1. Treat each spin label as a single point 7 Å out from the Cα along the C-beta direction, and report the B:ASP140 to B:ARG209 distance in nm.
2. Calculate the FRET efficiency for B:ASN175 and B:ASP78 from the Cβ-Cβ distance with a Förster distance of 41 Å, rounded to the nearest 0.05.
3. Determine ³J(HN,Hα), in whole Hz, for all residues of the stretch B:176-189 in sequence, where each value follows from phi through the Karplus function 6.51 cos²θ - 1.76 cosθ + 1.60 and θ = phi - 60°; x replaces Gly and Pro.
4. Just to check I understand the Karplus step: with θ = phi - 60° and J = 6.51 cos²θ - 1.76 cosθ + 1.60, what whole-Hz values come out for the stretch A:159-166, glycine and proline as x?
5. Residue separation times 0.36 nm, minus the C-alpha to C-alpha distance between A:ASP31 and A:GLN57: what's the value?
6. At 7 Å along Cα-to-Cβ for each site, give me the label-to-label distance between B:GLU195 and A:GLN7 in nm.
7. Suppose R0 equals 30 Å; then what is the FRET efficiency for A:ALA83 and B:GLN216 from their Cβ-Cβ distance, rounded to the nearest 0.05?
8. Which shape class, rounded, prolate or oblate, goes with the stretch A:1-85 when its Cα gyration tensor gives a ≥ b ≥ c as root eigenvalues, a/c under 1.5 marks rounded, and past that a/b bigger than b/c marks prolate?
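We did not get these values from a lab; they are worked out from the coordinates using the rules stated. Treat the numbers as computed from the prediction; the structure is a model and nothing was measured. Cβ: placed from backbone, ideal geometry, glycine included. Neighbour counts: every protein chain shown.
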Amino acid sequence: MSISAVQDDKADAQEKRAAEQALVARAKSNDYGAYEQLYRMHIGRVYALCRRLCKDQDMAEDLAQEAFILAWRKLSSFRGDSAFGSWLYRIATNACLSYLRKQKPFQNSLDIDDTEEESMPDDVDGQMGLEHAISQLPHGARTVFVLYSLEGHTHDEIAGMLNIAQGSSKAQLHRARQLLQKFLS
Amino acid sequence: MCKGSQTSGAMNTIENRHETIRFDNKALVQVNDGIKMTDDTDNVNSTSASSGGLADAVELQLAREIRGLDREIMPQRDLWKAIERNIADYPQRKQFSLQRDWMPYGVAASLIIAITALVVNVVGIEQKGSTLLAADYAIDSIDSGYMNVRNPMVDQFRETNKNLDQATLDDLYRNIEIMAKARKDIETQVRANPENTKLVEMLMRVHERELELLKQDYSQPGRSL
């Protein structure tokens, strides 16, 4: 990638950030149209996060919806220190984890001593296959895998979110990787 | 095994990658136009699966698959209508902020009006030979303007700080009560000594201090009495 292309990318990113900040400012003034634009900009990523974390399509839609409603209610406290998207994804993550914590299988699967491996589907192939394979991971392993490998959180952050030790987060990730590698090999 | 992957000991390069993909003990990071696999300092676990060329190749294949995942997935139904219905019940509190923005100017304007009224009325009524009446009239004028500013501020204070714990709120109200009592005491003194201009100045300062107390948002971190 050339230097000028990198500069162009940087300028584009700054422009997008400024446009997003303007939309946030308008939304803070009760401009529902601006908030709808923010929704259209981010629903894809928010829903992908919810879908991968909680697996169930209907529940993922409900959680994505809840994330946007919560974000609206907290919008006045958003000071723009980070990108709106990052702030929104954190809200969505918390909404999903809050839901998952109430599920008994999730609580059980966070215990790394529960090493019962679940069989992976045989018919997985290519991109959709991996998506499906991720959805077949045990709750704990899938959650850590999504947060670490797809969302870019650190083990320290994940340990805090899930109220587990960092070592458990690493072990869950290792478990997820091993299961996914079965599909690839 | 994916085409285009090169395994070479500690470093593995896949062309045309543009972001970091992380694993249990490795991280794929962008280097120039390619990607190298490096030790990931965030994770010190080593695994048998990651040792050896074949295992690295499998990891790289997994990394490629992960990178190929859609960053965005659209829900099957449009969620906006339901969101819009819900957020309509929770309008942003911008009016509240606006009120806070002009409040200091309102306070300043009210105090100027009150002082002007004091001077004009004291001079006017003193000319009629009734200093005591002039003082009473002046204080009533100040109080009237002052209360017009103070009362909405009390409401705003309650609203802004309603999430504080009870002990902190009790402390705040105790301080405001002390200020209010001081104001009343000085007013009494001014009525008794209408020619003492220092007392009038003191009264004005107490007014200002009381309004300052009410104006502050103690619910914000780092704010205290």
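1. 2.8
2. Numbers: r = 52 Å, r/R0 = 1.27.
With R0 = 41 Å, the Cβ-Cβ based efficiency is 0.20.
3. Residue by residue, the stretch B:176-189 yields 5, 5, 4, 5, 5, 5, 4, 4, 5, 4, 5, 4, 4, 5 Hz.
4. Those phi angles translate into 4, x, 5, 9, 6, 10, 6, 4 Hz.
5. Working: separation 26, 0.36 × 26 = 9.36 nm, distance 2.97 nm.
Stretched out fully, the A:ASP31 to A:GLN57 stretch lengthens by 6.4 nm.
6. Computed distance between label sites B:GLU195 and A:GLN7 equals 7.9 nm.
7. Numbers: r = 31 Å, r/R0 = 1.03.
E between A:ALA83 and B:GLN216, to the nearest 0.05, is 0.45.
8. Working: a/c = 2.66, a/b = 1.33, b/c = 2.00.
Note, shape of the stretch A:1-85 comes out oblate.
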